[in-house]
Structures are given as C-alpha cells and as structure tokens.
Amino acid sequence: MKSSIGRYIQDSNFNIENYSIHPEAEDAYRHHLNLKPEYNSDLLSPAFLENHQYIHPLMVIKKPKSSSKSSQYWFISGWAILSQLSRQGATTLKFIEVGEKVDVDVSSLAWTYVASLETNGFDREKNFKDLKEIFEKLSLDRGVKSLTLGGSSKKVCVSHLKVYSGQSRGVIRRQFNSEPESKSPISDYFKSKRSET
C-alpha cells in the first residue's frame, strides 16, 4: 500500500522570514549552528545550491493558523543551505511539506538530519583528492564554469580547495602527491568512467 507523506513545492517568492525552526527541532538546529563546518558552503555557486535542493530538500510543516509568529512554515530538516540561499538572494526554494495527518517525531528527525550531515562529511585530512574529482566531474557534466563562487574554470585547483576548506595549500598538495595505500572507491569510479570514453 502506498500513501503520500506530503507534497513537493516550489516557492518562487522565497523569503526566509516565511520559514522558522520547529520548536521540537530547535535543539538539533542550534547544535548544528554551533558546529565548526568542514567547508565554507557560502562559496557554493547558485547552480550548485539549486541542484542541492533536489537532493536534500528542506522539509517543513505548515504552521497552525493560531500561531503568533509571522512565518508560514516550520522547517524540521534540510536547513543546511537555507541561510546561503537567503544571503545569495535566491528567489526560489524547493521543499517538501509534510502532510498534517503524517505522524512525525520532529525532534528525532531533526537530530537524524544533523547526524547525517556529520557522518556523510568529507574528512578534510584525507579526502581532498576525492573532493576535487567530484567537483570537476560535476562541473564538466553540467557545463558550469565552477561549483564555487568566483571560480573561472572547469578545473578545480588547489587554491579553490584551500578557500573552500580553510586548510593550507601544503595539506591539500600532500594528498595529491602521495598515493594512498588503498585506493578510494570514488577515485576508482571516475578512473573507470574516463577509460570508457
């Protein structure tokens, strides 16, 4: 049996003031805000943020009409790029509105979201080579000049990764110059794709 949990919506008049954190998700949200991010996501391009919304949409619950705050929706997960969209002046936001009849443990969902951000993050001491390959692959496939703001080429160089991560050029270069003992599955995948063409 299939049932709907909500609906996918595109808000073409995006205004961050229409969205606020759900009271039951607030602890998880505050915890996420206090974490030191691995990378500076403010440098991601609008094209990247647009695609990101398809993969990790904001999940919201429509606020009750009796609520005194002016915002229309409470967000419960997927909030990581909300502030970047607002700072970049984005006019469109895609989100999933969870239906009123769906039983959701908001606090558990919010904490699971925070945990997923941490466990899926790149290890900046080991994965710059993989990150560079992923960014270049996405740039070439999508025809965008660069996935980071201010980028001007399809090649992601050490300086892009330095700005994005806050690490020194030396830390990043060492990863490119040393061959790891075990090859990464991501590297193997991209090498196999290159050999097919």
Query raised in the report: Is it true that some residue in the range 88-95 is of a type in the set (Phe, Trp, Tyr), in contact with a Phe, Trp or Tyr (Cβ under 9 Å, 6 or more places away or on another chain), within 18 Å of residue 35 (Cα to Cα) and assigned by TED's automatic domain parsing to the domain that holds residue 19?
Result: no
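Results for (1) assigned to a helix (DSSP H, G or I); (2) in the same structural domain as residue 163 (by TED's automatic domain parsing); (3) surrounded by fewer than 18 Cβ atoms within 10 Å (Cβ to Cβ), shown as yes or no for each residue.
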residue	(1), (2), (3)
17	yes, no, yes
31	yes, no, yes
52	yes, no, no
61	no, no, no
74	no, no, no
113	yes, no, no
Query raised in the report: Has the range 78-86 got at least one residue that is surrounded by 14 or more Cβ atoms within 10 Å (Cβ to Cβ), aromatic (Phe, Trp, Tyr), over 30 Å from residue 160 (Cα atoms) and modelled with pLDDT of 80 or more?
Result: no
Report summary line: From the option list 77, 71, 45, single residue qualifying as more than 24 Å from residue 31 (Cα to Cα) and in contact (Cβ under 8 Å) with a residue 40 or more places away in the chain is 45
**Report entry** Filter result (within 26 Å of residue 12 (Cβ to Cβ) and either without any contact (Cβ under 8 Å) to a residue 40 or more places away in the chain or in a helix (DSSP H, G or I) (or both)) within the range 81-111
**Finding:** 81, 82, 83, 84, 85, 86, 87, 89, 100
Query raised in the report: Which residue pairs have Cβ atoms under 9 Å apart, sit 6 or more places apart or on different chains, and have a first residue in the range 1-18 that is over 17 Å from residue 56 (Cα atoms) and a second that is among the charged types (D, E, K, R)?
Result: 18/11
Report summary line: If we keep only residues of the range 33-48 that are assigned to a helix (DSSP H, G or I) and buried (at least 17 other Cβ atoms within 10 Å of the Cβ), then the residue modelled with the highest pLDDT is 48
Requested in this report: Working only within the range 31-62, note down all residues that are charged (D, E, K, R) and within 30 Å of residue 162 (Cβ to Cβ).
Outcome: 36, 38, 42, 50
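The values are calculated or read from the model by the stated rules, or taken from the named source; none is laboratory data. Because the structure is a prediction, the values reported are computed rather than measured. In this analysis, Cβ positions are derived from the backbone assuming ideal geometry, glycine residues included, and neighbour counts consider all displayed protein chains.
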